[in-house]
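A short write-up of the structure that comes next.
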Amino acid sequence: MVSRYIEEPITVHVSRELRPTAFIWRKRLYRISEILSWWREPSEWWNGEPVRLLIRITAECRRPGTYEICKRDSDWFLHRLLD
């Protein structure tokens, strides 16, 4: 699997259960169809760096794709595109 590093801010829509359901990237809406996995990455918390939550998902705008989105504090980012 090949990936492309993006790290651009996105807007994420979440359900009542706080699960991501869709995100907006570059003015396009991507609907999340499946959460494939999630994990937390350690940080240098002693330097004030927040822990990162990464979620690998399948989402669709015009065609389905695999993405990794990242949450740091209250900010969301499109971390990677996976091919």
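One chain, two ends: Glu17 and Asn47. Fully extended at 0.36 nm per residue, the span grows by 7.7 nm beyond their Cα-Cα distance. The charge dipole of segment 3-82, taken about its Cα centre with unit charges on the Cβ of Lys, Arg, Asp and Glu (plus for the first two, minus for the last two), comes to roughly 480 debye.
Test of understanding: what is the full-extension gain from Arg72 to Val2, defined as 0.36 nm times their sequence separation minus their Cα-Cα distance?
Result for the pair: 22.8 nm of gain on full extension.
Computed on the chain, the Cα convex hull volume stands at 105 Å³ per residue. For segment 25-42 versus segment 66-81, the inter-centroid distance based on Cα atoms is 7 Å. Over the chain, Cα pairs under 8 Å with separation of 6+ residues give a relative contact order of 31 percent.
Read the figures in this text as sums done on the coordinates, not as results from a lab. Nothing here was measured: the structure is a model prediction, and the numbers come from that model. Methodologically, a virtual Cβ is constructed for each residue, glycine included, from the backbone with ideal geometry; neighbour enumeration extends over all protein chains shown.
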